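Shown next, in structure tokens, is the structure this report addresses.
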Amino acid sequence: MSELDKLRTILANERTVLAYVRTALAILVSGMAAVKFFPEHRSIVLSGWLAIATGTIVLIFGAVRFRKIHKTINGE
């Protein structure tokens, strides 16, 4: 793999992890807003907590995936 190909792959991996982070933050904020602004609706609060959990899982999954691919690219 040439240096340019390696750099392109590294940058693609970074863009991917940033997309995971952006998605996770959007899900987390949506969940927090649902919990905060609709405390009288149990179903909305429950779905808000579910969104918070999902956002956390997406964030962890993205970080683990980034680390795994980063190691593969660098041959570690």
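Name the residues in segment 7-40 that are over 12 Å from residue 54 (Cα atoms) and among the polar types (S, T, N, Q), would you?
9, 13, 16
Checking residue 48 against (1) in a helix (DSSP H, G or I); (2) open to solvent by 50 Å² or more (accessible area, probe 1.4 Å), which test does it fail?
It is condition (2) that residue 48 fails.
Could you list all residues from segment 22-76 that are within 9 Å of the chain's Cα centre (by Cα) and of a type outside the set (A, V, I, L, M)?
22, 23, 55, 56, 61, 62
When the residues of segment 30-45 are filtered to those that are open to solvent by 90 Å² or more (accessible area, probe 1.4 Å) and part of a helix (DSSP H, G or I), which remaining residue is nearest to residue 58 (Cα to Cα)?
Looking at the filtered set, the residue picked out is 32.
Run down 31, 75 and say which single residue is modelled with pLDDT under 95 and of a type in the set (Gly, Ala, Ser).
When all the criteria are applied, what remains is 75.
Scanning segment 21-66 for residues that are touching a helix residue (DSSP H, G or I) at 6+ places or on another chain (Cβ under 9 Å) and among the basic types (Lys, Arg), which turns out farthest from residue 10 (Cα to Cα)?
36
The values are calculated or read from the model by the stated rules, or taken from the named source; none is laboratory data. Please read all numbers here as calculations on a predicted model, not as lab measurements. Positions of Cβ are generated from backbone atoms using ideal geometry, with glycine treated the same way; all protein chains shown enter the neighbour counts. Only protein heavy atoms, including side chains, enter the accessible area calculation; ligands, DNA and RNA are left aside. Shrake-Rupley method; radii C 1.70, N 1.55, O 1.52, S 1.80 Å.
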